[in-house]
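What follows is a single structure, and I will ask about it in a moment.
The values are calculated or read from the model by the stated rules, or taken from the named source; none is laboratory data. The model shown is predicted, which means the values in this text are computed figures rather than measured ones. Every residue, glycine among them, receives a Cβ derived from its backbone with ideal geometry; neighbour counts consider all protein chains shown. For the accessible areas, the whole protein counts, side chains as well, though only heavy atoms, and no ligand, DNA or RNA atoms are used. Shrake-Rupley method; radii C 1.70, N 1.55, O 1.52, S 1.80 Å.
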Amino acid sequence: MGMAAAATKEWTYEMLESLPDDGNRYEIIDGELFLTPPPAFGHQRVQWELGRLIANYLDRHPAGYGFFAPGNVIIDQRNVVEPDIFVVPRDIVQKTASWKDIKSLLLAIEIVSPSTARADRHRKRLLYQRFNVTEYWIVDSDARVVDRWRPADARAETLSELLEWQPVFEHPPLRIDLAQFFARAHGEP
């Protein structure tokens, strides 16, 4: 999430769309533009490993569809984000072919890095809670923990051993052994 850009200007989705494609990710939170440089190698490894687990789960238990950034989640004209990984309810995806129609998420995931940690832990968390994103995970690969947030939470649930996600009650939960996950993501035997 890097740094805020042009803090004196109130940014909107239309203004965001007019920016050049320069390889950076741009997001808007409460009208403030944020610039994020391309992700580092370690970030991508964690994103890939976690995305595979979620994709395999959703293949067996079709509660929704998973996506990787880049992909705008346009909450409203003043809030446009690109979670590293996100899951959209199945019925919404079946009705649309446009990012503009995605207004709810079953899951949003950010993998923190030094340049994104503050915004991921504060600004984005508050935004996701305010707009009732069912679950928001902040993955800290260095600390090997996941902070899970739900809309009404005042504190994160910090997980270091087992992460369970059950997007719908008709299906069993996805269970992730976090020690194994982080070892694999870090290329450890």
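Heavy atoms only, probe 1.4 Å: what % of the accessible area of segment 1-83 goes to carbon and sulfur, would you let me know?
58
With viscosity set to 1.306 mPa s at 10 °C, what whole-number translational diffusion coefficient in µm²/s follows for the chain from Stokes-Einstein and a Kirkwood radius over Cα pairs?
Calculated translational D: 94 µm²/s.
According to a simple spin-label model (label point 7 Å from Cα along Cα-to-Cβ), what is the distance in nm between residue 90 and residue 170?
Taking the two extended label points, one gets 0.5 nm.
State the answer as a single residue: which of 179, 111, 128 lies farthest towards the positive end of the charge dipole of segment 71-189, with beta carbon charges of +1 for Lys and Arg and -1 for Asp and Glu, about the Cα centre.
Of 179, 111, 128, it is 128.
When the solvent-accessible surface of protein heavy atoms is calculated with a 1.4 angstrom probe, in what order do 164, 17 fall, highest first?
I get 17, 164, largest accessible area first.
Placing +1 at every Lys and Arg Cβ and -1 at every Asp and Glu Cβ, with all other atoms neutral, what dipole size does the chain have around its Cα centre, in debye to the nearest 20?
With Lys and Arg at +1 and Asp and Glu at -1, about 200 debye.
Given R₀ = 25 Å, what would the calculated FRET efficiency be for residue 188 paired with residue 115, taking r from the Cβ atoms and rounding to 0.05?
Taking R0 as 25 Å, the efficiency between residue 188 and residue 115 is 0.50.
Between helix 41-60 and the chain, what is the angle of the helix's C-alpha long axis to the longest principal axis, kept within 0 to 90° and rounded to the nearest 10?
60
With a probe of 1.4 Å, find how much accessible area the chain has per residue, and write the answer as a whole number in Å².
On a per-residue basis, 51 Å².
Here's another thing I want to ask about it. In terms of the ratio Rg/(2.2 N^0.38 Å) built on C-alpha atoms, what value belongs to segment 103-189?
Its radius of gyration relative to the 2.2 N^0.38 Å reference: 1.11.
Still on this structure, please answer the following. How big is segment 12-73 by Rg and Dmax over its Cα atoms, in Å?
Every Cα atom of segment 12-73 included, Rg and Dmax give 14.7, 40 Å.
Using R₀ = 30 Å, calculate the FRET efficiency as 1/(1 + (r/R₀)^6) where r is the Cβ-Cβ separation of residue 152 and residue 101; round to 0.05.
0.70
Continuing with this model, one more query. Using helices alone, what [θ] at 222 nm do you get for the chain, with -39,500 (n - 2.57) per DSSP H run of 4 or more residues, divided over all residues and rounded to the nearest 500?
Helix contribution divided over all residues of the chain: -6500 deg cm²/dmol.
Something else now. Starting from 0.36 nm per residue, how many nanometres of slack lie between residue 160 and residue 77 once their C-alpha separation is accounted for?
Result: 26.3 nm gained on full extension.
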